[in-house]
Amino acid sequence: MGDPREGFSAARRLIALTEAVRATPELPRAELAELLAGHGERPADLTEEAFCEASAAELRAAARRMAAVLGEGDEDRAAEAVNALFAECSTRPRLTRHDGHPWHLHVDRGEGAGWGEWFLASGALVLAQLLTEYGRIAWGACAAEGCGRFFLATGPGSARRYCSGSCATRARVAAHRRRRREGEREG
């Protein structure tokens, strides 16, 4: 996670966890706990008693649901999906600071709410913040053939299409080669 003074990033946690579950659908409980700890979750909340296998299964299912929202490229449909998550989840956000992190919005696992509901509610909150702050979808799935990794697109400039410079270059080179082959066939 890095230096806690740099701020807590629920957006980075959302992307990392969703991508990890997408890459390994049955990601073991211990690896999920390690990933959550790396993004600022308290070790006491990640013990085998507090975060059991059933909780891990619920979190994996929620991450798969978030993948559909993160893969949505249309702003209106993304907003509708986020609003549907808000309506479904019974938790409320609050400001908190802990473990050396500055003040940040936090969604607690409320009474009866499990890890999955918490992840959906906190993910919806993050996506709503990004959509309103940037006035556009500030996340995406990489457009490079064979990749599809999720990424945050919170930098300046136009919306990103690729998760990394490597994927963008690979896609550009493939498009160039395709155009050149098509030109040779026509010529």
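Quick notes
- Conditions (1) assigned to a helix (DSSP H, G or I); (2) in contact with a helix residue (DSSP H, G or I) (Cβ under 8 Å, 6 or more places away or on another chain): number failed by R161: (1)
- Per-region count, segment 21-64, residues in a helix (DSSP H, G or I), open to solvent by less than 30 Å² (accessible area, probe 1.4 Å), of a type in the set (A, V, I, L, M) and over 22 Å from W103 (Cβ atoms): 8
- Taken as a whole, the structure places T132 among residues that are modelled with pLDDT of 90 or more, farther than 14 Å from M66 by Cβ and either open to solvent by 50 Å² or more (accessible area, probe 1.4 Å) or in a strand (DSSP E or B) (or both).
- Positions within segment 144-183 being touching a residue at least 24 places away in the same chain (Cβ under 8 Å) and open to solvent by 50 Å² or more (accessible area, probe 1.4 Å), in sequence order: E145, R149, T154, R170
- Number of positions in segment 57-70 that are in contact with a helix residue (DSSP H, G or I) (Cβ under 7 Å, 6 or more places away or on another chain) and either farther than 17 Å from I15 by Cα or of a type outside the set (G, A, S) (or both): 8
The values are calculated or read from the model by the stated rules, or taken from the named source; none is laboratory data. These figures come from a predicted structure and were not determined experimentally. Glycine gets a Cβ as well: all are built from the backbone with ideal geometry, and neighbour counts include every protein chain shown. SASA here: full protein model, heavy atoms, side chains in, ligands and nucleic acids out. Shrake-Rupley method; radii C 1.70, N 1.55, O 1.52, S 1.80 Å.
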